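The values are calculated or read from the model by the stated rules, or taken from the named source; none is laboratory data. In this text, all values refer to a predicted model and were calculated from it rather than measured experimentally. Using ideal geometry, Cβ is built from the backbone for each residue, glycine included, and neighbour counts are taken over all protein chains shown. To get the accessible areas, we keep the full protein, side chains included, count just its heavy atoms, and leave off ligands, DNA and RNA. Shrake-Rupley method; radii C 1.70, N 1.55, O 1.52, S 1.80 Å.
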Amino acid sequence: MSLSMADTDYQCLLAACARGERTALHRIYQCEGARLLGVVMRIVRDHALAEDIVHDALINIWLRAGTFDPARGSARGWIYSVARHLALNTVRNRGRELCMETEQSELMEAHRSFEHWQQRQNNTTWEEYGARVEHCLGMLEPERRNCILHAYMDGCTHHEIAARLGAPLGTIKAWIRRGLATLRECMS
């Protein structure tokens, strides 16, 4: 059976979805599934992920069909906006995960530095190590020290630190990187 977009009344299909008519969602998928996948694919650039997002978008369309307001735009546009927003949110969230992975690796590196220092100092205690860290932190410029404290004591992401300090993200990352390098040097 050939389905034509011209023959499809998306507003009626959304209303039918809101009433719980599964055939309406199936019809939306038949008419728009491939194009939705193409739109999402251009955003996430991963076929398997795009398929998952289209699946989630269809579920959202099904669950939120009753919220569609024709005064705010076309039904077909609303369908695409649901998929597009999910794709964009996924890209943003993946970016945050990558930032968190970077920050986690920095934290692991700091922990390894402690273990290395402790072995070199004949099993120095945490208190002695803490005093040394405090001394070395005191030698840092205030901006770098604050960035490191926000990251490792407050658990802030680089983005949150940038917002707190009103500084560009790249600057925050550079201050943390340089500050950690200075701390490593001071601790050795």
Quiz prompt | Neighbour net charge for residue 54 - beta-carbon separation under 14 angstrom, K R +1, D E -1 | solution = -2
Exercise. Please work out the average accessible area per residue across the stretch 1-86, using the 1.4 Å probe convention, and give it in Å².
Key: 60
Self-check item: Sequence of 41, 139, 187 when ordered by accessible area, the most exposed leading, probe 1.4 angstrom
Solution: 139, 41, 187
Self-check item: Interchain or long-range residues, amide H under 5 Å from residue 156's placed H
Solution: 151
Quiz prompt | residue 185 - accessible surface, heavy atoms, 1.4 Å probe, Å² rounded to 10 | solution = 140
Quiz prompt | Rounded FRET efficiency, nearest 0.05, which uses the C-beta distance separating residue 174 from residue 139 and R0 of 22 Å | solution = 0.75
